[in-house]
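I have placed the structure first, in the form of structure tokens, so that the comments after it can refer back to it.
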Amino acid sequence: MRAILSGLALILTATSFGTAAAAAPVHAIAMHGEPALPADFKNFPYVNPDVKKGGKISYGVVGSFDSLNPFILKSMRTTARGMWDPEYGNLVYESLMQRSRDEAFTMYGLLAETVEWDDDRTFIQFNLNPKARWADGQPVTAEDVIFSFELLRDKGRVPFSNRMAKVAKLEKVGERSVRFTFTEDADRELPLLLGLSPVLPKHAIDLATFDQTTLKPPLGSGPYRVAEVKPGERIVYKRNPDYWAKDLPSKVGQDNYDEISVEYFLQENSLFEAFKKGEIDIYPEGSATKWARGYDFPAVRSGEVVKETFTPKTPSGMLGIVFNTRRPMFDNLKLRQGLALVFDFEWVNKNLFDSAYTRTQSYWQNSALSFLGAPADDRELGLIGDARDRINPAILDGTYRLPVTDASGRDRNVLRVAVSLMREAGYQIKDGKMVDPQGKPLAFEIMSQNAGQEKIALAYQRFLAPLGIQASVRTVDDSQYQQRSQSFDYDVIIKSFPSTLSPGIEQAGRWTSQARDRQGSDNFAGVADKDVDRMVNNILQARTSEDFTAAVRAHDRLLVNNSYLVPLYHLDAQWVARRKHIGRPDTMPLYGYQLPTWWDQNAQ
């Protein structure tokens, strides 16, 4: 039917290019509903439009890099931060559209001045801004856009390599326009994801060597150029004074420094010491203990360093100890459920974190997308279908909560339930060891990346030991961690799954069967479940806000029910320490503080 209707639309509304006509071109597109800002908006509400640009800033990261190409698999060794970066900003490369951080998922014009699409989202057309230029002064063309998508399809890494999978036709229409026509199974988020994809210069890229690592400074259309590279240690970016979009509404009040440096450190402690000495200007803090006790140093006491707490209006996300279900032992739901109960959050929170954290019970906690406190209604039950029989009734009615222990590390009541679940899985304690039906001891390795993760892993090891479960902990260096993560070479790993108010295709990369064996994907748990696949598809196909909320909640219920990980904890706030000369806007957007909108108050 959709194909018939699309065909009629082609006949009735054909343009001079022989393709379907869209509604009038628009300045912005939203996943659900309408954009918040009008076509004549001057700037995003969370920037300082009158900021004085200049000065410099120094960021610090733990890790290394061996390439300046962020779009290929070989460059995923921490990566060269800043090239294509949601935290520091896309300094060198740009996308067709710019996302507003004050709306769930809405995008405004950047390289594309306007957009055209139909209500069914069977296609999207990006009309390029005639002012758009590469750093060498050449115009950004429709040919560049087509070249970029085809290049990343053939030689890029996930998710860039997947963006064309459901594009039936990519064509140039008119002088500066590119149209993507979708296959019938394309989801409604795809047009927005295309708008967020990078555009690369056709005239400055060697096809033969694109998928090889390189430290040669690339050509982009963004606000900065690479000025200095010290392999694995430092990248320095300098502002392009001729940046074409500096006065564009979606870029006003951003990219405020003349120079940005990204410094790399082998350990978190080294990075923090550099911040204390003034070598690094901003330090996002993730440790409750350090935030409470670690900032009694001279720069804080003198006011040179400012500590700030921000409260975003976004879901909690999920940090967890992830079971790799590709390992036969973890392909057992009852065992995973039992192992999850053994982790004593109350002990960890009290003894390691000064009781600063909240236990995470849902992937979208603190938002209307969470199942917590929300019984599944008829709309949601219709989406869940037969999977309803697999889901814990308490999860279905929204009353489910993880048990609260006595914080002893050995709560007998909780451990009794855990052992019962393991017994249902075929395990029993024999001669002080937990063994499977063949008498093989239950043993696995927890791979950690840093001291913070190691601390959690060692605590879990302690909780498991009384049950005769042998958990070893191995902390590996950054490069080994990246390699083993990408190839799923681990038993158990600690990973974070950030959540947004507009979950979409990233859920497919994390949880669906298609991503299970695709190296470099985020399906760290090795999930291959037809019901989970269906839940993700429900999210991607939702047309109304009501359908979308129901789809996310159903997905949330199934993930929690299936115990792919041990839920850990979250903060309801963001902690950031900064040098006092780094200024920031007074208004904070929905998603929390935005570093690309901050500035150097010493700028002359």
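Values quoted throughout were computed directly from the atomic coordinates according to the rules given, and no laboratory measurement underlies them. It should be emphasised that the depicted structure is a prediction, and the values quoted were computed from it without experimental measurement. Cβ coordinates were reconstructed from backbone atoms using ideal geometry, including for glycine residues, and neighbour counts include every protein chain displayed.
Principal axis analysis of the Cα atoms in region 206-317 yields extents of 51, 36, 33 Å, listed in decreasing size. Available extension along the chain between Lys42 and Gln604 is 199.8 nm, counting 0.36 nm per residue and deducting the alpha carbon span. With coordinates expressed along the principal axes, the C-alpha atoms belonging to region 318-570 extend over 55, 42, 41 Å, beginning with the largest.
Taking the Cβ of each residue in His555, His581 as the centre, tally the other Cβ atoms inside 10 Å and list the residues starting with the fewest. Working shown, then result.
Working: His555 27, His581 15.
By the 10 Å Cβ count, ascending, the order reads His581, His555.
Charge dipole (Cα centre; +1 on Lys/Arg Cβ, -1 on Asp/Glu Cβ; no other charges) of the chain amounts to roughly 1140 debye.
Looking at region 213-271, I'd like the Rg to Rh ratio, where Rg is from alpha-carbon atoms and Rh is Kirkwood's inverse mean 1/r.
1.06
Please list, by residue number, everything in region 225-249 whose backbone N is under 18 Å from a paramagnetic label point 7 Å out along Cα→Cβ of Lys131. Only 240-249 pass the distance filter. In terms of Cα atoms, the Rg and Dmax of region 66-191 work out to 15.0, 44 Å.
Between Glu87 and Asp586, what FRET efficiency follows from the Cβ-Cβ distance if R0 is 22 Å, with the result rounded to 0.05? Please report the intermediate quantities before stating the final value.
Numbers: r = 21 Å, r/R0 = 0.95.
My answer for the efficiency is 0.60.
Average projection, convex hull of the Cα set of the chain: 27.9 square nanometres.
Using the Cα centre as the reference, give the magnitude of the dipole from point charges on the C-beta atoms of region 318-570 (Lys, Arg: +1; Asp, Glu: -1; all else neutral), rounded to the nearest 20 debye.
Details: 30 positive and 30 negative charges, 114 e Å.
Dipole magnitude for region 318-570 comes out near 540 debye.
Here region 564-604 is treated as a sphere whose radius is the Kirkwood value from Cα pairs; by Stokes-Einstein at 37 °C and 0.692 mPa s it diffuses with a coefficient of 254 µm²/s.
Pairwise Cα distances in region 149-203 exceed 19 Å in 26 percent of cases.
Subtracting the Cα-Cα distance of Asp119 and Glu233 from their residue separation scaled by 0.36 nm leaves 36.2 nm. Reachable aspartates and glutamates from Lys230, Cα under 15 Å, same-chain residues fewer than 8 places away excluded? Reachable aspartates and glutamates: Asp66, Glu263.
Only Lys, Arg, Asp and Glu carry charge here, each on its Cβ (+1 for the first two, -1 for the last two); on that basis region 464-520 has a dipole of about 140 debye about its Cα centre.
Report the rotationally averaged projected area of region 469-588 based on its alpha-carbon convex hull, in square nanometres. Before the final figure, lay out each step's value.
Numbers: hull surface 45.5 nm².
Value for region 469-588: 11.4 nm².
For Val62, the residues whose modelled amide H falls within less than 5 Å of its own, excluding neighbours fewer than 5 places apart on the same chain, are Phe265.
Please sort through the DSSP H helices of the chain and keep those with an alpha-carbon extent of at least 24 Å along the long axis and a Kyte-Doolittle average not below 1.6. Each step should come with its number before you reach the end.
On the way: long enough: 545-562 (26 Å, -0.39).
Counting only whole DSSP H runs, no helix qualifies.
Packing order of peptides 190-203, 295-308, highest average first: 190-203, 295-308 (average count of other Cβ atoms within 10 Å over each peptide's residues). Where both bridge residues fall in the chain, DSSP classifies roughly 80% of the beta bridges as antiparallel.
Of Lys440/Lys495; Lys74/Lys131; Lys52/Lys276; Lys166/Lys530, which sit over 23 Å apart, Cα to Cα?
Details: Lys440/Lys495 28 Å; Lys74/Lys131 34 Å; Lys52/Lys276 26 Å; Lys166/Lys530 20 Å.
Where the Cα-Cα span goes over 23 Å, the pairs concerned are Lys440/Lys495; Lys74/Lys131; Lys52/Lys276.
Which three semi-axes in whole Å describe the equivalent ellipsoid of region 459-527, each the square root of 5 times a Cα gyration tensor eigenvalue, listed largest first?
Each semi-axis is √(5λ); the values are 26, 16, 12 Å.
So what is the 222 nm mean residue ellipticity for the chain from helices alone, if each DSSP H run of at least 4 adds -39500 (n - 2.57) and you divide by all residues, rounding to the nearest 500 deg cm²/dmol? Roughly -7500 deg cm²/dmol at 222 nm, from the helical runs in the chain.
Take the Cβ-Cβ distance between Asp247 and Gln438 as r, set R0 to 51 Å, and report the resulting FRET efficiency rounded to the nearest 0.05. Walk me through the numbers on the way to the answer.
On the way: r = 70 Å, r/R0 = 1.37.
Efficiency, rounded to the nearest 0.05: 0.15.
Measuring how big region 414-541 is from its alpha-carbon positions, Rg and Dmax come out at 17.3, 53 Å. Take every Cα pair under 8 Å whose residues are at least 6 apart in sequence, average their separation, divide by the length of the chain, and the relative contact order is 20 percent. At each listed q (0.22, 0.24, 0.25, 0.27 Å⁻¹), what is the log10 of I(q)/I(0) that the Debye formula gives for region 277-349 modelled as equal alpha-carbon point scatterers? Log10 of I(q)/I(0), two decimals: -1.09, -1.19, -1.23, -1.31.
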